[in-house]
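The values are calculated or read from the model by the stated rules, or taken from the named source; none is laboratory data. Please read all numbers here as calculations on a predicted model, not as lab measurements. Virtual Cβ from ideal backbone geometry, glycine too; neighbours counted across all protein chains shown. Side chains included, ligands, DNA and RNA excluded: accessible areas come from the protein's heavy atoms. Shrake-Rupley method; radii C 1.70, N 1.55, O 1.52, S 1.80 Å.
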Amino acid sequence: MNVLLCATRGTRLTEPARRLDETPAYPGWDGLPGPDPLPVGAPFEPIGPDEDHDGIVPGGMWKSDERGFLVAAGPRGTFVLHPDDAVGLTPHPDPYRLIGCCGPDGTAGVNHVCGCGAEVAVGADRTSGYETRLVPDAVRVEAAA
């Protein structure tokens, strides 16, 4: 078992958890975001007209702007947790980061901070899934005591 800590101050961000050896196979459209290690959140990049596109994450919501359809180009290899398994996180102080029709949806990038103020997680509540993704460069893994 391991715990994930804030890379800035060493604050605990999870209770002891185990890492899965591999990501389960993506079962196709099930209403949920695709598995790791796909990119998540901002920034978003346009997708070419001949490229396959199934939302900003597989099976997820769609996003577009004047450039056309967009795909997530945010962090890859995030640690995916149920939101209740993360501890010590607070919503980002920038209200723009907390956009979403029914709660933060992660489309504005990192939207949760550690108690020290470091940007550590992308949370999605209700609109595009229900998960917290800890950003790899913002956390470190240690064996649970």
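Things to note:
- Under 5 Å between amide hydrogens, built in the peptide plane, is the criterion, and for F69 it picks out I47 among residues at least 5 positions away or on other chains.
- Each residue of region 73-85 was assigned a 3J(HN,Hα) from its phi angle through the Karplus expression (A = 6.51, B = -1.76, C = 1.60, θ = phi - 60°), giving 10, x, x, 9, x, 5, 8, 8, 10, 5, x, 6, 8 Hz with x at Gly and Pro.
- Protection proxy ranking, highest mean first, for peptides 103-116, 84-97: 103-116, 84-97, where packing is the per-residue count of other beta-carbon atoms within 10 Å, averaged.
- Our coupling estimate for region 113-123, obtained by passing each phi through the Karplus curve with A = 6.51, B = -1.76, C = 1.60 and θ = phi - 60°, is 10, 6, x, 7, x, 5, 6, 10, 8, 10, x Hz, Gly and Pro reported as x.
- Computed over protein heavy atoms with a 1.4 angstrom probe, the accessible surface ordering of E131, E66, largest first, is E66, E131.
- Per-residue Karplus couplings for region 132-145, computed as 6.51 cos²θ - 1.76 cosθ + 1.60 with θ equal to phi - 60°, are listed in order as 10, 10, 7, 6, x, 6, 9, 10, 9, 9, 9, 5, 5, 7 Hz, Gly and Pro entered as x.
- Amide H to amide H distances under 5 Å link G123 with N111, H112, R133, where only residues 5 or more positions off or on other chains count and H is placed in the peptide plane.
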